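Structure first, commentary second.
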Amino acid sequence: MAATTKWRRINEGRDHRWAQPRLSAYMDGELPGRQERRLAAHEQTCPECAQMIRTLQALLMALPALRTPPEVGFAIAERTVERVRARIAEWD
């Protein structure tokens, strides 16, 4: 029985390392079917990946509310450049 438990831990660790770089594609529905099923199964057994997926889902739902009109983005960029230039001038 101990060998089975050890093998399961090794397998779960391998699946965890495999899943991490694929989470974004999984969230976007871009994984091939077999990989999608594998990651979905991993999500059921890995609390860390399941939490990461829930966090990514929450972020994806919140992002549209953060959109700003282009002119607002330009104003933010201009203020940022001014602040950076002021900081650089302080160093000289």
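Read-outs: derived from the displayed coordinates by stated rules, not from any lab. Being a predicted model, the structure only gives us computed values, none of them experimental. Here Cβ is always computed from backbone atoms with ideal geometry, including for glycine, and neighbour counts include all displayed protein chains.
What number comes out for the charge environment of Arg37, summing +1 per Lys or Arg and -1 per Asp or Glu over other residues with Cβ under 13 Å away? All intermediate terms of the calculation are to be shown ahead of the outcome.
Values: positive: Arg22, Arg34, Arg38; negative: Asp15, Glu36, Glu43.
So the surrounding residues net to 0.
Taking only the alpha carbons of the chain, what extent do you get along each of the three principal axes, in Å, biggest first?
67, 33, 20
Pull out the extension gain between Leu63 and Arg79, defined as 0.36 nm times the separation in residues minus the alpha carbon to alpha carbon distance; nm, one decimal.
Using 0.36 nm per residue and subtracting the Cα-Cα distance, I get 3.5 nm.
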